[in-house]
Structure formats: structure tokens, C-alpha cells
Amino acid sequence: MEYIRNTTEFQIEEKTAVSLGKFDGLHKGHRRLTECLLEKGRAGLKTVIFTFDIPPKQKIGKSGQTKVLTTNEEKAGLFYAQGVDCLIECPFTDSFMRMEPEQFIADIVKKLHVKWFVVGADFRFGHCGRGDIAFLQEMSKRYGYEVEVVEKVKENGSFISSTSVREAVLLGKMEEAGRLLGYRYFVSGPVVHGNELGRTINVPTANLIPQKDKLLPPFGVYLTQTVFREDPAQAFGGITNVGCKPTVQGGKEAGVETHLFGFDRQIYGKEIKVEFLKFVRQEKKFDSLEELKKQMYKDIDFGIKYYANVTEMC
């Protein structure tokens with residue numbers, strides 16, 4: 001997959017099918033949209049996802065430092081796995097923020113040779129969101145493209161949205177988040193050095209420091225599954241603590257610390273993905289390391305039994 005970022009000077013010479021949006025989380029609704037986009041690719045067009053490097057509302061100041069379901073790197077990995085030809089992650093500059101809808105369309109069509117736009121039913125674009133589906137369709141006569149509108153996905157009487165996924169994650173409902181996404185919610189990044197306390201109590205852990213804009217579930221202990229970027233076919237069950245480890249170092253930045261069942265290799269610097277399966281308990285400050293150790297052994301025992309049942313059902 002071609003990945004174009006950090007520039008507004010993008011250009012594609014082939015004829016393209018383009019889908020535009022924020023795609024935060026790349027949930028089931030987004031996936032239906034990209035499936036329609038890939039159909040255009042099978043008809044001979046280059047498939048392009050166009051998104052901005054930050055949520056536009058963050059630049060405009062409507063939502064402050066919005067936490068995202070997927071970082072830009074995670075989103076790129078998901079699009080790559082789906083088979084998209086090109087991802088354009090355009091800087092959301094002042095110029096783009098003030099661009100009128102027709103100018104935006106004219107610019108995109110010219111630079112990307114667009115023959116199809118594939119968009120969601122609530123898609124809006126241009127300065128203050130003045131452009132809508134009706135306007136996009138009206139402009140097709142002038143600029144020579146076609147439009148396919150993909151309706152929202154509905155499950156159990158409700159539409160799937162990034163907002164609904166975010167609500168599930170914030171409540172620690174990881175099974176619900178996974179159902180809406182169509183895959184398990186995850187945190188990814190390189191394994192970094194911690195204080196190595198886990199090894200002293202025979203519970204070694206892999207530590208991640210999530211990007212500051214990544215949405216984390218509530219502080220607590222979770223049953224997880226971890227995969228390595230270099231070998232995604234292998235998966236390891238584990239118990240993960242999300243939080244600041246109050247028993248040993250309260251007050252520092254939040255981290256994601258995972259004990260992998262039956263695993264004891266040095267993996268510092270390795271890129272891993274920690275997938276959340278189930279909330280186990282809230283984070284707690286213990287009076288001693290011995291108490292912490294006993295609770296961790298209980299968590300691990302529960303996790304091994306639960307994970308064995310999960311993998312048997314797969």
C-alpha cells in the first residue's frame with residue numbers, strides 16, 4: 001500500500017475511486033464503505049482513502065485534544081490489511097480548513113483523477129461542513145465523476161458509529177467494542193523497558209507507552225491477546241494492566257503492561273499489538289508487594305482458564 005503523508009502536494013496519475021472521511025476506529029460501518037471502494041478497484045480503478053492527519057474538530061477547537069480509537073499508524077495498518085491501494089493522510093492546514101466545498105472537490109478530482117467517490121450517508125466536507133451528499137452529486141455533472149453513497153450499518157436497532165465504539169471502550173465493555181469494530185480493540189507499539197519489578201516476583205511483563213492521543217479503557221486489569229508484528233500468525237494470551245501501577249509508582253503516565261502466559265523471551269523494541277478481550281477488575285493500590293503478587297497470581301490463573309475457553313471456541 002502506498003502511504004502518502006506530511007504533504008499537501010499529492011498527485012496520482014491513474015484513474016481512482018476515492019473514499020473520504022475520518023475513519024476513526026475503522027468499525028463495521030467503515031468496513032462496508034471500504035468494501036464498496038474495493039469493488040471499484042476490481043473494476044480497474046486505483047483505490048484511495050483520503051483522510052486528515054488530525055480530527056478536523058480538534059483544529060477548529062470544538063473538541064480539544066480528542067482521544068482517538070486508532071492512531072494514524074494503527075489506521076494505516078488496518079487499511080493495508082484490507083487491501084487498499086493508497087492511503088493519503090493529508091495535513092489539516094488552515095488552507096484546507098477554510099476551503100469551500102466546490103474548491104475542495106475540484107482540487108481532489110484534479111490531483112487524484114477521481115472517477116468514483118464512495119462516501120457514507122452522513123458525509124460532509126468543506127469549510128464549516130457546508131458540502132453534503134446532494135452537493136457532491138450535483139458537482140459530479142461538472143467534474144465528471146460518479147458517486148456511491150453507502151448507508152450506515154445498523155445492529156440491534158442502533159447505528160454503529162465511532163461514538164458508540166468510544167462509549168463502549170470508556171466503560172470497559174471490550175466485548176461490545178469488539179462487536180462494533182468487527183475486530184478486538186487494541187493498543188500497539190514497541191516494547192519498552194520498565195522497572196522490571198515483574199521479573200523479581202516471577203511475573204515478567206511487556207510494557208507499552210501508548211501515544212498520548214490514544215483512547216485507553218478505564219484503568220484496570222484485562223484479559224488480552226498479544227501478537228507480534230513480525231509474526232502475526234502467533235498469538236499469546238495474557239493479563240494486562242492499564243494504568244499507573246499505584247502500588248509501586250503512582251502518579252506517572254499511563255502505561256499498558258502485559259504478562260504473556262507461558263512466555264519468557266526478551267522482546268524489548270519489538271512491535272506488538274495488545275488486543276483487549278475482557279475486563280477483569282479495577283486497578284488497585286496494595287499495601288505491599290506480597291499482596292500485589294498474590295493478586296497477580298489470581299488474575300493469571302483466571303486468565304489462563306478463560307483464555308483456554310476462548311481459544312477452544314475459535
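The values are calculated or read from the model by the stated rules, or taken from the named source; none is laboratory data. Not measured: the values here are computed from a predicted model. Here the Cβ positions follow ideal geometry from the backbone for every residue, glycine too, while neighbour counts run over all protein chains shown. Side chains are part of the model used for accessible areas, which takes the heavy atoms of the whole protein and leaves out ligands, DNA and RNA. Shrake-Rupley method; radii C 1.70, N 1.55, O 1.52, S 1.80 Å.
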Open to solvent by 30 Å² or more (accessible area, probe 1.4 Å), touching a Gly at 6+ places or on another chain (Cβ under 7 Å) and of a type outside the set (Ser, Thr, Tyr): does that describe LYS285? yes
Filtered residues of region 149-174 (kept if open to solvent by 90 Å² or more (accessible area, probe 1.4 Å) and closer than 16 Å to THR70 by Cα): GLU167, LEU170
Looking for whichever is at pLDDT 95 or above, part of a strand (DSSP E or B) and among the β-branched types (Val, Ile, Thr) here; the options are VAL227, VAL169. Which one fits? VAL227
Looking at region 214-232, which of its residues are open to solvent by 40 Å² or more (accessible area, probe 1.4 Å) and under 27 Å from LYS284 (Cα atoms)? PRO218, PHE219
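Conditions (1) farther than 19 Å from LYS214 by Cβ; (2) among the charged types (D, E, K, R), marked per residue:
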| position | (1), (2) |
| --- | --- |
| ILE12 | yes, no |
| LYS57 | no, yes |
| ARG98 | yes, yes |
| VAL119 | yes, no |
Residues (in contact with a Phe, Trp or Tyr (Cβ under 9 Å, 6 or more places away or on another chain) and within 20 Å of LEU171 (Cβ to Cβ)) located in region 282-314: GLN282, GLU283
Got a sec? Which of LEU112, LEU69, LEU87 is among the hydrophobic types (A, V, I, L, M, F, W, C), farther than 14 Å from LEU20 by Cα and at pLDDT 95 or above? LEU69
Quick check on region 267-278. Is at least one of its residues open to solvent by 100 Å² or more (accessible area, probe 1.4 Å) and not aliphatic (A, V, I, L, M)? no
Breaking point among (1) assigned to a helix (DSSP H, G or I); (2) open to solvent by 70 Å² or more (accessible area, probe 1.4 Å); (3) at pLDDT below 95, for MET97: (2)
Subset tally (residues that are hydrophobic (A, V, I, L, M, F, W, C) and either free of Cβ contacts under 8 Å to residues at least 60 places away in the same chain or over 25 Å from GLU14 (Cβ atoms) (or both)) for region 110-156: 10
Any residue at all in region 58-67 that is open to solvent by less than 60 Å² (accessible area, probe 1.4 Å) and under 15 Å from the mean Cα position of the chain (by Cα)? yes
Would a scan of region 23-30 turn up a residue that is farther than 26 Å from VAL165 by Cα and not aliphatic (A, V, I, L, M)? no
What's the number of the only condition in (1) assigned to a loop (DSSP other than H, G, I, E, B); (2) open to solvent by less than 40 Å² (accessible area, probe 1.4 Å) that GLY178 fails to meet? (1)
Considering each of ILE300, ILE304 in turn, give the residue that is modelled with pLDDT of 85 or more, under 22 Å from ALA254 (Cβ atoms), among the aliphatic types (A, V, I, L, M) and out of contact with any Cys (no Cβ under 9 Å at 6 or more places or on another chain). ILE300
Subset tally (residues that are part of a helix (DSSP H, G or I) and closer than 22 Å to LYS28 by Cα) for region 105-151: 1
Can you tell me which residue in region 1-60 is nearest to PHE125 (Cα to Cα), limited to those that are part of a strand (DSSP E or B) and among the aliphatic types (A, V, I, L, M)? LEU20
